[in-house]
Every structure is written in C-alpha cells, then in structure tokens.
1. Please give the per residue accessible area of the stretch 23-81, computed with a probe of 1.4 Å over protein heavy atoms only, in Å².
2. Using a 1.4 angstrom probe and counting only protein chains, how large is the accessible area of residue 37 in Å², to 10?
3. Classify the stretch 556-660 from the C-alpha gyration tensor, please: rounded if a/c falls under 1.5, else prolate or oblate depending on whether a/b exceeds b/c.
4. For the chain, what are Rg and Dmax over the alpha carbons, in angstrom?
5. Please identify every one of the chymotrypsin sites (Phe, Trp or Tyr not before Pro) in the stretch 516-594 that sits in a loop by DSSP and has no more than 14 other beta carbons within 10 Å of its own beta carbon.
6. Among the listed pairs 213/619; 350/527; 51/279, which are separated by more than 30 Å between their Cα atoms?
7. Leaving ligands and nucleic acids out of the surface, order 552, 392 by accessible area at 1.4 Å, largest first.
8. In whole Hz, with x marking every Gly and Pro, tabulate ³J(HN,Hα) for the stretch 455-461 from phi via Karplus 6.51 cos²θ - 1.76 cosθ + 1.60, θ = phi - 60°.
Amino acid sequence: MRKIAFLCLFLSAFGGSAQQPMNFAIADSIPVVDAGHQLLYPWAGGINFPKFSEIDLNADGLIDLFAFDMSNNRVLTFVNTGTGGIDSYRYAPEYADQFPEMRGWAILYDYNCDGKPDLFSVPVNNNGIMQYRNDSQSGQLIFTLVENQIKADYGGGSFSNILASGFLMPNFDDVDGDGDMDILGQQFFCVGSFAYYKNLSMEQFGVCDSINKYALETYAWGRFALRSGLYSNVAVGTYNSSCTMNQNVPPELYEPTIARRDDTYAQGYTIDIDGDGDKDLLVGDSQATNSLLIINGGTNQLAQMVSEDTLFPSYNTPAVMTSFTTHAYADADHDGKKDLLVGNREFENKHGVLFYRNNGTNSIPIFDVHQNDFLQHEMIDFGEGAAPVFFDADADGLQDLIIGYKSLSIGGGNVESGLAYYHNNGTPTSPAFEFVTRDYAGVVAFSLAPPLIPAFGDLDGDLDVDLLIGSDDGKLYYFNNTAGPGQVAVFVYTAAAYMGIDVGNTAAPQLTDITRDGKLDLLIGEKSGFINFYENIGTSATPFFSNLPTNDTLGGIVVQTTGFPDGYSVPYLFDDDGTFRLIVSSMQGKVFLYSNIDGNLNGSFTLEDTLLSKVQGNKYSFHMTVSGGYLNNDPYLDLVYGLYGGGAQIFLQIDPTSAINETEVHKELVIYPVPASQEVILQWKDQFRHVNIPFTIKDMLGRIISSRIFSGREAIINVSEFPAGIYFICPEQGSPFTTAKFIVLH
C-alpha cells in the first residue's frame, strides 16, 4: 500500500480488485439525543465498574481522567477541555490505545516524584503487582515496565511478592508522610485487616524512586480489623487489634456482637478527610453495601484507628451500592477541589458511579452527592453485553439502531434484558440518533436468557422484515412483523426455540442468503467459538431449517481464546461488490475478516485481516459483537460494535481506493479528533514547538484547500465547512515532520 507522503505528491485514486483492504475510523461525532439532551460522548462504549485516576494525557497542563473498567479490562480516557464543570470532558480513545494491556485493575500514582503518574496493575498471567514508569513526552504516552512483581521483605531479608490479584487491589499512597509511596494490601494471615508495606527508599537513599525497597511493617495497619458476622451486610471495624506478624488472630475479631460482615475480600483507600495530617481509610467490602470511613487518631508514623462512619457520608446521602464500593479522590468538575467518586465492583452497571462534589476544601472535604451515573449519563449504556445492529424500524430509508443488552441493573437489585431502540432522525449522509425506548418489541416481558443478540430479515416473504433473537440458552426466538411493506415495524412474538435450533450456549444469529438462491439462510455464532450454517431448505415465503446445522464448523473458523474452550463468536456476512466476506468478533476482543467464501461453503475460509485487536479491552466470557450496514450513503460497509460495557461504537469505512496506510505511526504530530466534524487539533512534540511549520491541506483530488504556517505547540483547523472526506497535511520540502491525514465527517 502506498504511503501517505507519496499521496501528497500524486493524490490520485488507483483502481483495484473488488476486495480492497478495509480501513475504518471511529465515528464518535455522530450526534445522539436522549430525552432532549445531546449526549457528550455517546460512543464511549459504556462503563460498568471503573477505577478512576488523574493524569495529564495530552501535556496541556490540565488534569484529565483515566478509567479502568474492571468488568472487561478496558481503558477509557477523557480529556479535560478546560471549559470547567462536570461536563468539561472529551472522550479521547486515541490515548486509551497507548496504555499496555492490563487485567483485573489498574491505577495511576506518581511513585518517582517526577510529576507524572505511573501505572500499576496485575501481571497478565500471574498475581502480584506490576509497575510501569511513566516516560511520556509531549502528549505521547509511554509506559516502561520496571518491575513485573513488586517484592517486600517479610522479615530477616526474605523478599517475596506483595500479595495482590485481579480481585485484591492494593492501595498506593504515602501512608507515613515521608515522601515515598507505601502500599496497603489485604492478606489472609490476619483476617479483615490490611498489611502495611513500608517503602524504605527515603530512609535508605534519600530519594523516593527506588524499586523493591518495601518491608512488611504489620499485618494490621492502624490496629484495626473488619468485624466478622452473619447478620448484616454493613462493614464495621473493630479496634486495638493485637494481630501482628508473629501472633494469631485474636478471638474477639470473630465475635458477632454487632453482627457485621467482614469478609475475605475488602479494599481500602487512604485519604486525609479531617485535615489533621494523617491518613484515614475508606473501605469497600465484597459482602457489604456501604462505604466505611475509619478515622485515624494516631499519626502518620503510628496509625491508630479510633472511630468510624458506617454509612459514609452519614451527613449527606450515604455511598451505598448493591455490593463492594470502590473510591477515588479526584477533581472531577475541575474547580480546584478534589471530589469523591464511588463506584462498585459487581452489580450496579448503569447507575454505578456516585459523584460527590466537594463543597469544602482539599484539606477538609465536605461531600455532597450530585449524581449516581457519572460519565455513564452521557453515553449509550445499557448495563452489560450490548449487541447493536442496524435496522430501518420506521421504513423511512434511514438505518436505525437496535441494541440487545445482556443485563441492565436499574437499582435495587432489579435486572432486565431486552432490546433498545434509537431512531435515526438524520439524513442519508449524516446520521443522527435519538433514544426511543429500552423495551423495543416488548422483549423485556419474555425474560429471555441474556445476552440477547438480534437479527433481522424477511423470513416469511411478505416484504417486511422480521426479527430473530438469539439468547444464552443457544436457542432462537421469532418475532413476526405484521405491519406490511413500507410500514413502521410491528413485532408479534410467534415462536420460542425457533425450528428446534439449539447451538448450546449464546446463539448469535444472522439472516443472510449465503447460498445465493434467493432464500434467507442462518449463520449462528456460539459460545464455543465456531460458526454454524443452517441452509434454508424451504422456500422464501415458508422457510424451513433442520434443527441440525448444515455445517457446524463453517469455514473452519474457531475463535477460541488460547487456554480457554470458549470464543463467543458473532458472525456478520456481507456482499462486497459481488463477493462474500465474513467478519467475526470474539471473546478475546479481536475482530477477524475472512474471504474465499463463494463456492467454498464446505472448505476453509481465508483469514484476510484482523480489523480490531483488543482496543476494546478483553474479557473471558461473552464480550463483544459486530454487525454492519451502509450508514452514510456511500458504497462502503460501515460497522457497529457492541461492547461488554453496555455501549456501542460505530466505525465508518474509509474509501479503500484512497490507499491510506493506517498502520503508519506519526511520531512528530498528534491529530485529533478522528474523525472530526467541527475542528481538527494538531499538536507538535516539544522539539517542534517553536519552529515555523509551513504546509498545505489537500483533498483526495490533490486540490489545495488551505496553506498555513503554524508555530507553537498547537494549531486548530476549522473544518466545519469542509466536505466530508479525507484530507492530507502536506509539509513543504525540508519540513521537520512527515505527511499526515485527517478525516472529516458531518
């Protein structure tokens, strides 16, 4: 494929075969309205159980937000726009892709005191704590692995890994106030207490950045432990614990006098909440619903917990979740005061991030609850396991969006699954969506086993489009459209376990004429990672499918994750100018493109490309879906992905004849957003910030749209009047940076 720089010289489209390479760009500027409000970041993909940290992603001096969704190991990044307020964020996926692959949990903390927060997570194939140093420069994020396992001296010079796992997340903070990062973590020698690993870097070297200089000081930091009991789900502490490294757990820790449940898994978060200079502790517990605040009446060097607020903040609305609260202290509304963000780890996936505004000071915060769906309220988010498809529900010629969802927790422990409907009220070239209902076709009432994956097609030959829903039980459920051709669809539940088909678990159907005989056939993905082909041996008006697949390993495709028997395949077959190609999503977060299909239904298909690779995170269960359609009136297939976070992302295909090299890494210049609708922002690296940079902007035909000379760190190009398409930033000969491109979509 030609390089972009070469295109700046010639900029002429070239011919090719029908099967050009497929290049896609996320379309995060397509507007979405919900209850009259235009969502700020509808295509962020949803978020379930986030752990938040602060970081300056783009080196502009403003503090941005990092979120790690513990439900699917996905990184989300939000840039501070500088406009102030809780809504002053821009969803910025270009930074998320620059973080390493992580699992379990991830948190940022500046351990080496250079002003840049470093990264901590769990080793991908192990337990413990993995440590990355933040070596980022000029908005280019660089995380260098410096330690795969942080170790501590457990006594007598015996160094072992600090205990952590994908579920046991430690707390990182300067607990003793000496300037280096200490670690508090749970352990099982002294049940219900937190081990204190003291960092000896300052004591031994006078600097804060030494690695593996930790010593286990005590198994019961603050001389407290969580009470154990069976009659309540509220975590409460007990104090003056005598549990040390060399003593057994005192029996009074098990006395159920207040009947509070500890249990095995708890998570602490240190914060000086009363302004006395020492660290207090917020605790969430896997068997409790509350946030427990424990007050330190001692000192930094000798913590002694003395009192508690079992329903913190009891002076306001308590931070209570269905289970296992998590905490972060960050300036979420950019008013200079750190706020409290309370999330959870298990159940509340829709209204699951409480935002408490700080109406006090950073020294003595006073928290006032503001909302229960921080960030989530500005996204398309239907809990967990979204499965979107395009379908013209009102027969107006525009592709609407129907989203199957697996599990929407709507408060109080109530969970539902169904289909959501977004109406496309845009134009043929500029889609725009508006939320209509989360119970399209009345599916919620049937309590189908989620995840629910919809497929549309005219099954009965009456010229309107019917609905099949695949469910977790491996079966299909048939909803007949009784409206007639050209009418708003009206679906009537007609058949359970359609045609007796059962693929085992997690049926992911598509209705498509793969045999090219004028009758709709069935492709069905499944939990095991195979693709099942069911040929329609009836007629177009009266279809008939055997309950056994015609081919249960279509194309020889199996998308199982290494080391696991599952793959959760979701197929999408499409006709590319007379030739079939097949796209398959998988549990591992990859989306594959296959060819060599026509006339080869009993053979092996050819793996042509990987269209997506873990940029949506990864999860070892049902994870993501793929479907497609033609959204913006060009001849190129567009894709819609469903994410485990409960949201959707649309990727528009770039004209394959443009010969853009999508894998080229631009090292001197950062361009965002991609695609753009109103303006394009160019950011140069440090060494080019004071250099006059002349360049021209050209369209695909080589026409000069604009000539510019920019100096400084950042340049903004107004593209609101540019026609939708691909544009090239072409430097003058001898310029210090290479050619780049940007995409405009309206």
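1. Details: 1430 Å² over 59 residues.
Roughly 24 Å² per residue, with all protein chains present.
2. Spelled out: residue 37, probe radius 1.4 Å, area about 80 Å².
3. Working: a/c = 2.07, a/b = 1.19, b/c = 1.74.
In terms of gyration-tensor shape, oblate.
4. 27.7, 82
5. Working: sites: 530, 533, 534, 544, 545, 568, 572, 574, 580, 592, 594; in loops: 544, 545, 568.
Sparse-neighbourhood loop chymotrypsin sites (Phe, Trp or Tyr not before Pro): 544.
6. Details: 213/619 34 Å; 350/527 25 Å; 51/279 20 Å.
Cα-Cα > 30 Å for 213/619; rest within.
7. Most to least solvent-accessible, the answer reads 552, 392.
8. Calculated HN-Hα couplings, in order: 9, 10, x, 7, 7, 10, x Hz.
The values are calculated or read from the model by the stated rules, or taken from the named source; none is laboratory data. What you are looking at is a predicted structure, and each value in this text was computed from that prediction instead of being measured. Neighbour counts are summed over all protein chains in view; Cβ atoms, including those assigned to glycine, are modelled from backbone coordinates with ideal geometry. SASA here: full protein model, heavy atoms, side chains in, ligands and nucleic acids out. Shrake-Rupley method; radii C 1.70, N 1.55, O 1.52, S 1.80 Å.
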